[in-house]
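**Student:** Handing you this structure, nothing more for now.
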Amino acid sequence: MHQVAKEFHISSEALVELLRGMSIDVKSHMSTVDDDTVDRIKRHFEAEKEKMREESARKEKELARRREQQRPVESVDKSKKPQKKKGSFRDRREDRVAVVASVKKTLALMEGGRRQRKHRRRIREDEDVETSEQEAMPVLTLHDETATVGDLAKLMARPASDIIRACMSLGLMATMNQRLDADTIEAVADELGFAVERPSAVKVEDEEDLAQEPRAPVVTVMGHVDHGKTSLLDFIRRTNVVSGEVGGITQHMGAYEVVLPEGRITFIDTPGHEAFTSMRTRGAQATDIVVLVVSASEGVMPQTVEAINHAKAARVPIIVAMSKMDLLDVNPDAVRQQLAGHGVMVEAWGGETIDVPTSARTGEGVDKLLEAILLQAEMMELTAPRRGRASGVVLEAELGLGLGPVATVLVKSGTLRVGDMLVAGPYCGRARVLMDERGARLKEAPPSKAVRVAGIEGVPQAGDPFQVTADERASREVAERRQTVRKQKGTGAPRRATLEDLYRQIREGDVKELRLVVKGDVQGSLEAVMEALVRLGTGEVRVSILHQGIGAITESDVLLASASKAVVIGYHVRPSARAQEVAEREGVEIRTYRVIYECVADIEQALEGMLEPELLEVITGRVAVRRVFHHPKVGFVAGCYVLEGNIDRSSRVRVLRDGVVKADARIGSLKRFKEDVREVQTGYECGIVIENFGDIHEGDVLEAYKTQEVARTLR
C-alpha cells in the first residue's frame with residue numbers, strides 16, 4: 001500500500017480511505033494489494049482525471065458564453081482591420097484563474113482535503129477576521145536590531161524553550177545565548193503570536209507607507225546543464241529590449257527586468273543551483289517563482305532533480321518550461337511522466353504545475369511562458385508597500401571600475417532613491433548612483449526592481465539584507481551593530497546541524513523531523529539505504545529525505561543541507577574537495593558509511609533522541625503515622641515510623657487513608673528528634689510536616705515516590 005501510494009502521489013491514509021470506499025478490505029497502509037487492485041486504482045484515477053478535463057472544458061465554455069452575452073453589440077466596419085481589445089489578456093488570465101482554482105479545489109477534495117496553497121485567494125470575510133486578529137496581536141518592541149534567545153524570552157514573558165522550539169520549526173538550531181537578527185526575530189514572533197516593531201533607526205515613519213500595492217514577480221530559472229536555460233534567457237532578453245535602445249544589455253548584472261504590456265517580470269540570473277540555495281542559507285528568500293527548464297528530448301536529468309528539490313525546500317512554486325521543442329525526437333508525455341515520478345504533477349495530468357512547451361531557437365511558446373509566469377503571480381497576489389524606506393536583499397557585489405564597491409540589490413519593499421542612506425550587511429553608505437541592467441542611470445527603484453548601487457563603503461555578501469535608514473548616524477549605528485554580531489559569531493557560519501546537536505537540544509525544542517541529504521554509489525544500494533532509513537520513522541518522529549542521488553557528495557548537496565539544516569549521508573561515496581571546503585565553512589556535517597547497519601544505527605539513535613522521555617514513577621518508601629502533634633509555628637507534625645524503603649527530604653508523598661489518596665504534596669520538613677535530616681531509613685522514627693496539608697490522622701500511611709525520565713526507543 002505504501003509503495004502504491006507513492007506511485008500515485010497521494011498519502012497512504014488517502015489511499016486506504018479510497019480503497020475502503022471501493023469496498024476493498026484493507027487494514028492499514030502496510031497491507032499488501034494484488035495487481036488487479038492496482039489496476040482498479042489506476043482506472044479510478046484515470047476516470048477522475050477525465051472528469052476534471054471535462055469539467056475544465058465545460059467551465060471554459062461557460063465562461064466564454066457569459067463573456068459573449070455581456071459583450072456590447074457593436075457595428076462592424078469591414079473596411080477596418082480588427083483591433084485587439086484592451087484588457088483581453090487580463091480577462092483571459094482572470095477567467096483562467098477561476099477555472100484553475102476550481103479544478104485545484106476539486107483535486108484537493110479528491111485527495112482527502114490536501115492542504116491548500118497558502119497564496120490562494122481568500123474570501124473577504126476571512127481577510128477581515130485575519131486583520132482583526134493581527135490588530136489584536138501583542139506588539140514586541142525591539143530596541144536593537146539583534147537579541148539573544150534569552151532576551152527574547154524575557155520580552156515575550158515566555159519560556160526560552162518556546163523560543164527555541166519556534167526557531168527549530170524555522171530550521172534554526174538556536175541556543176539560549178545565540179543572537180538572532182531582526183528578520184529571524186520577526187519570524188519567531190509570528191510563530192508565537194507577536195507583532196514586531198523594529199528599532200527606530202530602520203522603522204517606517206508613516207503607517208500610510210505600509211499600504212500594500214501589487215508588485216512584479218521575481219523569477220529564477222533553473223535546470224540541467226545544456227537543457228537550454230541560457231538560450232531561453234538570452235531569447236527573452238533579446239526580444240524585450242526597450243525600443244530605440246542601441247546595443248541591448250551592455251554589462252553583466254545578477255538580474256534584469258522584462259517589460260510586457262500585461263506587466264513586468266524580474267529575472268534573477270544565477271550561475272546555478274548553488275547560488276540560489278546559498279542566498280537561502282543566509283536567510284534571503286528573494287525568489288517568488290522557479291522556472292524549471294527541462295529538455296523535451298532528454299527528459300529529467302540529475303541536475304533537474306536537484307533543481308526540483310531546491311525549489312521544494314524553498315517552498316517556491318514551479319513552472320516547467322519544456323525546451324527544445326523544435327527537435328525531431330521530442331517526447332513531452334514521457335517528460336511529464338518523469339516529472340510526476342519526482343513529485344511535479346503538471347496541470348494536463350490533473351496537477352497544479354503549469355508546463356509550457358518552448359523553443360529558444362524558434363521562439364515557440366516563450367510568450368506563453370511569460371503569460372504563465374504572470375498568471376502564477378496573479379494567483380499568488382504578490383504585493384509590497386511602494387512608499388516608505390526601501391529594504392531588500394543583495395544579489396551580488398563587486399569592486400566596480402571607477403565606482404568603488406558596487407552592489408546589485410533587489411528591492412523587496414519601499415522605493416530606493418538616489419541620495420538615500422542605506423546599510424547593506426555590515427556596511428553603510430549613500431546611494432550615489434543607481435543603474436539598471438543596461439547601464440542607464442535611474443532616479444529610483446520600486447519593489448521587485450533590481451539595480452546596481454554605488455556608494456556603499458564595503459562589498460557585502462550575496463544574501464545580505466539592505467535597508468534605507470533615516471540618516472547617516474542611524475545607518476552607521478546599524479552597520480556597527482551588525483559588525484559586532486559578526487565578530488561574536490566568528491566566521492559567521494550558521495550553527496552546525498549535527499546528530500549530536502539533536503541529542504543535546506531535543507529536550508528544549510520539539511523536533512519531529514530529521515532532514516537528510518543522501519548520496520550513494522549505485523542505485524540499488526541507495527534505494528536500500530533510503531528504504532531502511534524511512535522505515536525507522538513512527539507517527540511521532542520521521543526521517544525526511546530532501547534529496548537523493550548517485551555519485552560523490554557535491555557542493556550543491558552541502559548547500560541544500562545548509563539551507564535546510566540537514567545532515568549529509570554518504571554511502572560508499574566521499575565528498576569532493578570543494579564540497580568538504582563548503583561544509584566546513586557552512587557548518588554542515590557529512591557522515592559517510594560503508595556498512596548499512598552502522599548508518600541505520602546512527603539515524604535510529606538520532607530519532608530516539610527526538611522522542612519525548614517516558615515518565616516512570618518509583619516508590620521509595622512507606623511510612624506509618626503513629627501520632628499527630630500541633631506546633632504553633634509549623635502547624636501539624638506527623639510522628640512517623642518508616643516501614644520500608646526510606647523517606648527523602650526531596651520526595652513527594654501521597655497521604656493514604658484506608659487505601660484512599662487524601663493528598664499528594666511535597667515534604668515541608670523532615671526531622672529526627674530536633675535535627676533536620678535529608679533521609680530516614682527503614683526501622684527509624686521521624687517527624688514530618690507536609691506542605692499545605694493539615695488534615696493528617698493517626699493510622700494514615702505516607703507513600704514516598706519520585707518521578708524519573710526514562711529514554712524511549714523506537715522498538
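**Student:** Which condition breaks for Glu617 when tested against (1) surrounded by fewer than 20 Cβ atoms within 10 Å (Cβ to Cβ); (2) in a helix (DSSP H, G or I)?
**Tutor:** (2)
**Student:** Consider the stretch 427-462. How many of its residues are within 18 Å of Arg389 (Cβ to Cβ), in contact with a strand residue (DSSP E or B) (Cβ under 6 Å, 6 or more places away or on another chain) and without any contact (Cβ under 8 Å) to a residue 60 or more places away in the chain?
**Tutor:** Number of matching residues: 13.
**Student:** What number of residues within the stretch 660-697 satisfy the criterion of being over 12 Å from Phe636 (Cα atoms), under 54 Å from the mean Cα position of the chain (by Cα) and assigned to a loop (DSSP other than H, G, I, E, B)?
**Tutor:** Counting residues in the stretch 660-697 that are over 12 Å from Phe636 (Cα atoms), under 54 Å from the mean Cα position of the chain (by Cα) and assigned to a loop (DSSP other than H, G, I, E, B) gives 1.
**Student:** Checking the condition outside any helix (DSSP H, G or I), out of contact with any Phe, Trp or Tyr (no Cβ under 9 Å at 6 or more places or on another chain), modelled with pLDDT under 75 and under 25 Å from Asp464 (Cα atoms), which residue from Val196, Val204 passes?
**Tutor:** Going through Val196, Val204 in turn, just one is outside any helix (DSSP H, G or I), out of contact with any Phe, Trp or Tyr (no Cβ under 9 Å at 6 or more places or on another chain), modelled with pLDDT under 75 and under 25 Å from Asp464 (Cα atoms): Val204.
**Student:** Can I ask one more? Would you please name the residue that is surrounded by the most Cβ atoms within 10 Å (Cβ to Cβ), looking only at residues in the stretch 427-486 that are more than 30 Å from Thr148 (Cβ to Cβ) and of a type in the set (Lys, Arg)?
**Tutor:** Arg452
**Student:** Return the only residue of Ile550, Ile647 being surrounded by fewer than 16 Cβ atoms within 10 Å (Cβ to Cβ), over 15 Å from Leu516 (Cβ atoms) and among the aliphatic types (A, V, I, L, M).
**Tutor:** Ile550
**Student:** Residue by residue through the stretch 587-602, note down the ones that are in contact (Cβ under 8 Å) with a residue 12 or more places away in the chain and within 21 Å of Ser544 (Cα to Cα).
**Tutor:** Matches in the stretch 587-602: Gly587, Val588, Glu589, Ile590, Arg591, Thr592, Tyr593, Ile596, Cys599, Val600, Asp602.
**Student:** Just the residues that are over 22 Å from the mean Cα position of the chain (by Cα), surrounded by 21 or more Cβ atoms within 10 Å (Cβ to Cβ) and closer than 13 Å to Met222 by Cα, please, taken from the stretch 301-324.
**Tutor:** Within the stretch 301-324, Ala321, Met322, Ser323 meet the criteria.
**Student:** For the stretch 697-712, indicate whether the set of residues that are of a type in the set (Phe, Trp, Tyr) and over 30 Å from Met610 (Cβ atoms) is non-empty.
**Tutor:** no
**Student:** Residue by residue through the stretch 396-409, note down the ones that are under 24 Å from Ala470 (Cα atoms) and either modelled with pLDDT of 85 or more or not hydrophobic (A, V, I, L, M, F, W, C) (or both).
**Tutor:** Matches in the stretch 396-409: Gly404, Pro405, Val406, Ala407, Thr408, Val409.
**Student:** Give the stretch 608-634 a look and list any residue that's under 30 Å from Glu513 (Cβ atoms) and out of contact with any strand residue (DSSP E or B) (no Cβ under 6 Å at 6 or more places or on another chain), or say none.
**Tutor:** Answer for the stretch 608-634, where residues must be under 30 Å from Glu513 (Cβ atoms) and out of contact with any strand residue (DSSP E or B) (no Cβ under 6 Å at 6 or more places or on another chain): Glu608, Gly609, Met610, Leu611, Glu612.
**Student:** Just name the residue that is surrounded by the fewest Cβ atoms within 10 Å (Cβ to Cβ) out of those in the stretch 358-409 that are closer than 30 Å to Ala296 by Cβ and small (Gly, Ala, Ser).
**Tutor:** Gly363
**Student:** Can you find a residue that is surrounded by fewer than 19 Cβ atoms within 10 Å (Cβ to Cβ), in a helix (DSSP H, G or I) and modelled with pLDDT of 80 or more anywhere in the stretch 249-259?
**Tutor:** No - not one qualifying residue is present in the stretch 249-259.
**Student:** Taking the residues in the stretch 3-31 that are of a type in the set (Gly, Ala, Ser) and at pLDDT 75 or above as candidates, determine which candidate is surrounded by the fewest Cβ atoms within 10 Å (Cβ to Cβ).
**Tutor:** Ser23
**Student:** While we're on this one: Regarding Glu555, is this residue under 24 Å from the mean Cα position of the chain (by Cα) and more than 23 Å from Arg542 (Cβ to Cβ)?
**Tutor:** Yes.
**Student:** Answer with yes or no whether Leu670 is out of contact with any strand residue (DSSP E or B) (no Cβ under 9 Å at 6 or more places or on another chain) and either modelled with pLDDT of 85 or more or not small (Gly, Ala, Ser) (or both).
**Tutor:** no
The values are calculated or read from the model by the stated rules, or taken from the named source; none is laboratory data. Everything numeric here is computed off the predicted structure, so don't read it as measured data. As a convention, Cβ positions derive from the backbone with ideal geometry for all residues, glycine included, and neighbour counts pool all protein chains shown.
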